[in-house]
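A.B. asks: Questions regarding the structure given below will be posed in turn.
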Amino acid sequence: MWRRSASFILDKRNDTGARPDFVSLSPPQTTASTMADTLQNPNAKVSAYYQTRAAHHGVVTSDWLAQAQAAVGKYSPESDVRSSSSAAADPGSGKPFSVIDEFNNWRKQPDLAEAVAAIRALAAVIRSSEATTMMELEIELKKASDSLKSWDTTSISLTAGCDLFMRYVTRTSALEYEDFNSAKSRLIERAEKFGEISYKARRIIAMLSQDFIFDGCTILVHGFSRVVLEVLKTAAQNKKLFRVLCTEGRPDRTGLRLSNELAKLDVPVKLLIDSAVAYSMDEIDMVFVGADGVVESGGIINMMGTYQIALVAHSMNKPVYVAAESYKFARLYPLDQKDMAPALRPIDFGVPIPSKVEVETSARDYTPPQYLTLLFTDLGVLTPSVVSDELIQLYL
Amino acid sequence: MHRAVYKVGLQYLAGDITGGNARCIAMLQAFSEAIRDYTTPAEKTLTRDLTAKIGSYVSFLIECRPLSISMGNAIRFLKNRIAKLPLTLSESEAKTSLCLDIDRFINEKIILADRVIVRHASTKIRDGDVLLTYGSSCVVEMLLSHALELGKKFHVVIVDSRPKLEGQSLLRRLVANGLNCTYTHLNAVSYIMHEVTRVFLGASSILSNGTVYSRVGTAAVAMVANAFSVPVLICCEAYKFHERVQLDSICFNELGDPQAVAKVSGRGDVNYLGSLGNKDNLQLLNLMYDATPSEYISMIVTDYGMIPPTSVPVIVREYCRDQLWI
């Protein structure tokens, strides 16, 4: 089930005493109509990927949750996520081992990227497989990865992560000469190595990007990205002096979470509403964004609003840096914004929207490569055109 | 001179065989036939003598019409195969091996490649699209008929230009297939472009800086499409890629019949430049190809998938190395 934010629960209970101090960021008068809107918006086709992101990165932070739980007592969004995911896992639960269950277990860790969870789950498939030939094992693995991919078709990193795992793990010439058991253990070894590489990717990116953050710079970030947070955290730990402008990141307001995290690190933060980007662009030295997926052209698919920020930055000659792990490289090639599988999510406008009015509910947009300066990946600092080079080498 | 090569050369000269793929396939088949009839003269080795023979065939074909880059690639492939023949093979074995290589090249690099390209490119056609194409490219034609078979609903704009008017034959075939078409000349391209959603173009060759070398007029179409932010997709087989870099259309091109620009075919009376016929200070220029810069191109669809124009050197480096192809 889709839920908005903890402030909604709090306001419903009129429990102002337990309200965390940053609730004031959301105007209280909107919340009453919010409720009506949530009721009005039955989630017809909501992207599971963005739902998870919202659950993990939205304003629902763990400390907020604790407070909200204390306030509400019985209502825990954590259990809500769990119930929705177990409901989705139903088709696979008949079998003794289900890759979806495994995936969902991993996925519950808020710090673990979805693709890494999928990679871990696929490694578990190999481990628990009862296949006796390489062929069987490969077919089993293929089935598992297909079921993972079809579980959420809107997640680019999930699909790309599964594909890359299959490539990385099964494409080893050593398999042809060994007997089955040692080949299988080799596969497990490779799978674990790949899982490890993917897990460490974020650290590598954070290290690589340090050269680009100079003292006294102002960085604009959009939405909440764990990689970008890691980059900024490392920069703060390295005693760099910089200022961050966070966009609000409507509709799930992920920017508030990022500003909250940065404030904890004593980094000077300023919050902007999403439409204030062009207004603030002249005081910005660089734009830093994450990515949901990096496509073959070298462009990125990311949270709605990234494209317009990149356009504004481009027209004002500011560099746009993208931090993205290489498991997000996908063999997709959108030609324009509408040339993608739609990922929808409900948007709350604060007031009831008449049924005649159409609402654009797409959760992401595509930023073409000509508006990006560099991509920080675990493969190194790349220009957008190298992405396709890497993809060709990986897939052909 | 072998009769098959002679025949193909004359067909090139007369313009009976046109289009990169058709010319390449005809040439390779003629070579294959010539190799089958070939016997090594006494006191000569097959490897050296056959290479020389192919060389003389090629220079004859150049006499008839300059080679396209794709044909150059195919010839280099064949010569490479001949040079790499193991010395232990008998003459007949060597000949069968070469003929098989040629067949494989035609099959894998042209026919199958086209099918893969069509499959990839058709995913980019949506219902309600208006597709624009220029001139007549056989891959684009296959793509349009495939998309029609898939039941997609789209409209095609065929842009054509004098003097060859190659689009007319394409138009005839598409209309016979039941496609909705609009036919117009290059002059009207800026008018028609604002209702177009995708531009599909063929190419004679793609150079390693992403420049597309194609029928003259393609650059203008791509530029207008770019100005209207309409995505331009180039459908081109990977065997047409070349490691050369070219910045303009003049330094390497093919000259057509200069009179073709002055006259209208079938209308002897329409020759407005007739009186200027032999003036020294008049030059009639009929270029056959032009170079489209890579910034006008959104995507290149090849047998290796859909790639951005910046990735052409990657394909050239990884797959076209030493002309090994297969």
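A.B. asks: Exactly one condition in (1) within 9 Å of chain A (Cβ to nearest Cβ); (2) surrounded by fewer than 23 Cβ atoms within 10 Å (Cβ to Cβ); (3) touching a Pro at 6+ places or on another chain (Cβ under 9 Å) is false for residue B:298; which is it?
C.D. replies: (2) is the only condition that residue B:298 fails.
A.B. asks: Quickly run through segment A:339-363 and pick out the residues that are in contact with a Pro (Cβ under 9 Å, 6 or more places away or on another chain) and under 27 Å from residue A:312 (Cα atoms).
C.D. replies: A:339, A:340, A:345, A:346, A:347, A:348, A:349, A:359, A:361, A:362, A:363, listed by residue number.
A.B. asks: Now a separate question. Filter segment A:380-396 down to the residues that are out of contact with any strand residue (DSSP E or B) (no Cβ under 9 Å at 6 or more places or on another chain) and in contact (Cβ under 8 Å) with a residue 12 or more places away in the chain, then identify the one that is nearest to the other protein chains (Cβ to nearest Cβ).
C.D. replies: Among them, the one singled out is A:385.
A.B. asks: Taking segment B:212-254 on its own, how many of its residues are in a loop (DSSP other than H, G, I, E, B) and farther than 27 Å from residue B:13 by Cβ?
C.D. replies: Final tally of qualifying residues: 8.
A.B. asks: When only residues in segment A:149-158 that are surrounded by fewer than 24 Cβ atoms within 10 Å (Cβ to Cβ) and hydroxyl-bearing (Ser, Thr, Tyr) count, which is farthest from residue A:324 (Cα to Cα)?
C.D. replies: Among those residues, the one meeting the criterion is A:150.
A.B. asks: Name the residues in segment B:266-281 that are assigned to a loop (DSSP other than H, G, I, E, B) and exposed (fewer than 10 other Cβ atoms within 10 Å of the Cβ), would you?
C.D. replies: Across segment B:266-281, the qualifying residues are B:266, B:268, B:269, B:272, B:278, B:279, B:280, B:281.
For (1) of a type in the set (Asp, Glu); (2) modelled with pLDDT under 90; (3) in the same structural domain as residue B:45 (by TED's automatic domain parsing), each residue gets a yes or a no:
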position: B:81; (1), (2), (3): no, yes, yes
position: B:129; (1), (2), (3): yes, no, no
position: B:150; (1), (2), (3): no, no, no
position: B:165; (1), (2), (3): no, yes, no
position: B:171; (1), (2), (3): no, no, no
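A.B. asks: While we're looking at this one, here's another question. Please go through segment B:131-154 and give me each residue that is among the aliphatic types (A, V, I, L, M) and surrounded by fewer than 18 Cβ atoms within 10 Å (Cβ to Cβ), ordered by number.
C.D. replies: Residues satisfying the conditions are B:142, B:150.
A.B. asks: Suppose we filter segment B:212-230 for residues that are within 14 Å of chain A (Cβ to nearest Cβ) and touching a residue at least 12 places away in the same chain (Cβ under 8 Å); how many remain? Give the derivation first.
C.D. replies: The initial filter retains those residues of segment B:212-230 that are within 14 Å of chain A (Cβ to nearest Cβ), namely B:225-226, B:228-230.
Retained after the next criterion (residues that are touching a residue at least 12 places away in the same chain (Cβ under 8 Å)): B:225-226, B:228, B:230.
Matching residues across segment B:212-230 total 4.
A.B. asks: Kindly list the number of the only condition in (1) touching a helix residue (DSSP H, G or I) at 6+ places or on another chain (Cβ under 8 Å); (2) surrounded by 14 or more Cβ atoms within 10 Å (Cβ to Cβ); (3) away from chain A (no Cβ under 14 Å) that fails for residue B:256.
C.D. replies: (1)
A.B. asks: Moving on to the next point. Does at least one position in segment B:69-79 carry a residue that is in contact (Cβ under 8 Å) with a residue 40 or more places away in the chain, crowded, with 16+ Cβ neighbours inside 10 Å, part of a loop (DSSP other than H, G, I, E, B) and not aliphatic (A, V, I, L, M)?
C.D. replies: Scanning segment B:69-79 turns up no residue that is in contact (Cβ under 8 Å) with a residue 40 or more places away in the chain, crowded, with 16+ Cβ neighbours inside 10 Å, part of a loop (DSSP other than H, G, I, E, B) and not aliphatic (A, V, I, L, M).
A.B. asks: Within segment A:215-229, how many residues are over 19 Å from the mean Cα position of the chain (by Cα) and touching a residue at least 60 places away in the same chain (Cβ under 8 Å)?
C.D. replies: Residues that pass the stated criteria total 3.
A.B. asks: I would also like to ask the following. Taking segment B:180-200 as the search range and keeping residues that are assigned to a helix (DSSP H, G or I) and either within 14 Å of chain A (Cβ to nearest Cβ) or within 23 Å of the chain's Cα centre (by Cα) (or both), which one is surrounded by the most Cβ atoms within 10 Å (Cβ to Cβ)?
C.D. replies: Restricting attention to segment B:180-200, the residues satisfying the condition of being assigned to a helix (DSSP H, G or I) are B:186-195.
Next, only the ones that are either within 14 Å of chain A (Cβ to nearest Cβ) or within 23 Å of the chain's Cα centre (by Cα) (or both) stay: B:186, B:189.
Values: B:186: 19, B:189: 23.
Filtering first and then ranking leaves B:189.
Yes or no, residue by residue, for (1) modelled with pLDDT under 90; (2) surrounded by fewer than 17 Cβ atoms within 10 Å (Cβ to Cβ):
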{"position": "A:307", "(1), (2)": "no, no"}
{"position": "A:316", "(1), (2)": "no, yes"}
{"position": "A:327", "(1), (2)": "yes, no"}
{"position": "A:340", "(1), (2)": "yes, no"}
{"position": "A:365", "(1), (2)": "no, no"}
{"position": "A:383", "(1), (2)": "no, yes"}
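A.B. asks: Let me ask something else. Restricting attention to segment B:201-211, and to residues there that are more than 14 Å from every other protein chain (Cβ to nearest Cβ) and either β-branched (Val, Ile, Thr) or part of a loop (DSSP other than H, G, I, E, B) (or both), which single residue is farthest from residue B:251 (Cα to Cα)?
C.D. replies: The extreme case among them is B:203.
A.B. asks: Mind checking which residues of segment B:80-114 are in a helix (DSSP H, G or I) and without any contact (Cβ under 8 Å) to a residue 12 or more places away in the chain?
C.D. replies: Matches in segment B:80-114: B:92, B:93, B:96, B:100, B:107, B:111.
A.B. asks: Let me ask something additional. Consider residue A:339 against the criteria (1) under 24 Å from residue A:201 (Cα atoms); (2) within 14 Å of chain B (Cβ to nearest Cβ); (3) free of Cβ contacts under 8 Å to residues at least 60 places away in the same chain: it satisfies all of them except one. Which criterion is unmet?
C.D. replies: It is condition (1) that residue A:339 fails.
A.B. asks: Are any of the residues in segment B:282-300 of a type outside the set (Gly, Ala, Ser), assigned to a strand (DSSP E or B) and over 26 Å from residue B:138 (Cβ atoms)?
C.D. replies: no
Condition check ((1) at positive phi; (2) among the small types (Gly, Ala, Ser)) across all residues:
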residue: B:175; (1), (2): no, no
residue: B:181; (1), (2): no, no
residue: B:194; (1), (2): no, no
residue: B:199; (1), (2): no, no
residue: B:210; (1), (2): yes, yes
residue: B:225; (1), (2): no, yes
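A.B. asks: Name the one entry in B:20, B:9 that is within 12 Å of residue B:64 (Cβ to Cβ), crowded, with 19+ Cβ neighbours inside 10 Å and within 21 Å of the chain's Cα centre (by Cα).
C.D. replies: B:9
A.B. asks: For residues that are at positive phi and more than 14 Å from chain A (Cβ to nearest Cβ), tally how many sit in segment B:90-133.
C.D. replies: Taking segment B:90-133 as the starting set, the residues that turn out to be at positive phi are B:128.
Narrowing further to those that are more than 14 Å from chain A (Cβ to nearest Cβ): none.
Result for segment B:90-133: 0.
A.B. asks: For segment A:182-196, check the following and say yes or no: at least one residue is hydroxyl-bearing (Ser, Thr, Tyr) and at pLDDT below 85. Can you show your working first?
C.D. replies: Step one: of segment A:182-196, the residues hydroxyl-bearing (Ser, Thr, Tyr) are A:182, A:185.
If we keep only those that are at pLDDT below 85 as well, we get A:182, A:185.
Scanning segment A:182-196, I find at least one residue that is hydroxyl-bearing (Ser, Thr, Tyr) and at pLDDT below 85, so the answer is yes.
A.B. asks: Here are some conditions: (1) of a type in the set (D, E, K, R); (2) under 16 Å from residue B:237 (Cα atoms); (3) away from chain A (no Cβ under 14 Å). Residue B:317 meets all but one. Which one does it not meet?
C.D. replies: With (1) of a type in the set (D, E, K, R); (2) under 16 Å from residue B:237 (Cα atoms); (3) away from chain A (no Cβ under 14 Å) applied to residue B:317, the lone miss is (3).
The values are calculated or read from the model by the stated rules, or taken from the named source; none is laboratory data. Since the structure is predicted, the reported quantities are computational estimates derived from the model, not experimental observations. Reconstructed Cβ throughout: ideal geometry from the backbone, glycine too, with neighbour counts over all protein chains shown.
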